[in-house]
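Remarks on the structure that follows.
The values are calculated or read from the model by the stated rules, or taken from the named source; none is laboratory data. Remember, predicted model here, so these are calculated numbers, not experimental data. Reconstructed Cβ throughout: ideal geometry from the backbone, glycine too, with neighbour counts over all protein chains shown. Heavy atoms of the whole protein, side chains included, go into the accessibility calculation; ligands, DNA and RNA do not. Shrake-Rupley method; radii C 1.70, N 1.55, O 1.52, S 1.80 Å.
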Amino acid sequence: MKRFVRHIILFLPLALLFSVLMLWLLGGTGRLRNVSYRLGGDDFLYSKSREIASIQQVDVLFLGSSHAYRTFDPRIFAERGISVFNLGSSNQTPLQSEVLLRQYLDSCNPRLVVIEVHPDIIDYDGIESALSLLSNVPPSWHMLPMALRSRNLRVLCTAPYAMLHNLFSPSFRSFDEPPVLGVNHYVSGGYVERDMARYTPSDEPLYHIAPLPAQTAALRRCLNYLDSRTVPFLLVQTPDTRARLEAYTNLSDFQSLMSSLGPFCALRSDALVDTLHFFDSDHLNQRGVDLYCSQFCDSIIILLINTL
């Protein structure tokens with residue numbers, strides 16, 4: 001029996017070494033079904049992670065989903081003397097916001113952190129965003145708890161390959177992400193501008209918002225971390241079309257939950273017109289962004305920065 005146990009102990013390092021080698025060789029080939037590694041994407045997270053690494057100070061750091069990176073345009077803030085960086089990514093949930101916050105808060109030293117919250121995101125598992133983050137952001141130890149909390153086989157299998165690849169492979173550092181992908185244009189500061197389009201009204205199915213405990217817990221950890229670093233924060237729900245807002249059966253419950261966590265804003269100007277200022281039911285087009293960001297700057301951000 002002792003001999004058998006000794007053989008097992010001796011075999012484990014070899015098995016681990018073989019597994020790591022196979023993961024390294026096959027992880028990027030698509031042959032491993034549960035490894036989903038993909039550089040680039042229409043949220044330009046790779047470009048953002050490279051750009052933010054060179055920034056030492058910003059007034060406002062934005063985190064969140066596409067509702068963040070397609071809404072908060074750094075050019076509009078710059079016109080008012082406010083420097084911002086938009087670290088939003090596609091379907092980013094609080095689980096991914098937590099990783100990015102811990103990885104970049106110290107390096108960019110924001111005076112204020114704005115976390116975009118949305119009914120569709122707080123009840124989403126975040127698998128797509130986790131895979132994108134693992135693939136496009138330089139590895140850090142903060143990614144491991146996120147992968148474990150996902151309880152998803154693809155995330156758990158992708159995490160070790162992505163971290164090894166991004167740490168040691170020259171192809172990660174030399175990847176050249178084009179600034180234009182289809183209708184999406186990367187703007188310095190993390191914003192993604194979309195070619196002009198207008199929303200065509202359609203029936204919106206009723207939607208009951210059911211926040212996932214894992215996401216609300218992650219959001220609380222983000223806010224506690226900011227409190228521990230004495231960095232002010234603001235939770236923001238960006239505008240939806242009126243039809244989309246009316247489809248939520250318990251929007252007031254969601255907004256009450258967000259308000260209970262800290263400063264919360266759900267500003268929606270009466271000047272926003274669904275068919276003029278949106279390109280789909282929950283994303284502003286550039287006309288809508290210009291209108292909303294101007295009001296957001298004037299009524300919210302400047303007020304908060306001046307009180308710091």
Efficiency by 1/(1 + (r/R0)^6): what FRET value for Leu164 and Arg242, r their Cβ-Cβ distance, R0 = 41 Å, to the nearest 0.05? 0.30
Report, by chain and number, residues whose modeled amide H sits under 5 Å from the one on Gln92, excluding near sequence neighbours (fewer than 5 apart, same chain). Ser65, Ser66
To test your reading of the geometry: what angle, between 0 and 90 degrees and rounded to tens, separates the Cα axis of helix 127-136 from the longest principal axis of the chain? 70
Report, in degrees rounded to the nearest 10, the 0 to 90 angle that the Cα long axis of helix 213-228 makes with the longest principal axis of the chain. 80
So if I take the alpha carbon set of the range 100-213, get Rg, then get Rh from the Kirkwood formula, what is the Rg over Rh ratio? 1.00
Can you work out the FRET efficiency for the pair Thr249 and Ala53, with r the C-beta to C-beta distance and R0 = 35 Å, to the nearest 0.05? 0.25
Relative to the Cα centre, what is the charge dipole magnitude of the chain, using +1 at the beta carbon of each Lys and Arg, -1 at the beta carbon of each Asp and Glu, and rounding to the nearest 20 debye? 1780
For an R0 of 35 angstrom, estimate the FRET efficiency from the Cβ-Cβ distance between Arg149 and Ala197 and round to the nearest 0.05. 0.45
Among [x] 164; [y] 137; [z] 128, which is the computed volume of the Cα convex hull per residue in Å³? [x]
Using a 1.4 Å probe on the protein heavy atoms, what percent of the accessible area of the chain belongs to carbon and sulfur? 59
Filter the trypsin sites (Lys or Arg not before Pro) in the range 102-174 to those in DSSP coil with at most 13 other Cβ atoms within 10 Å of their Cβ, and list the result. Arg151
Considering only the chain, percent of DSSP beta bridges that pair antiparallel, nearest 5: 35
Selection from Leu212, His283, Ser269, by position along the positive dipole direction of the range 195-308 (Cβ): Leu212
Long-range HN-HN contacts of Asp123 with modeled amide H, under 5 Å: Leu212
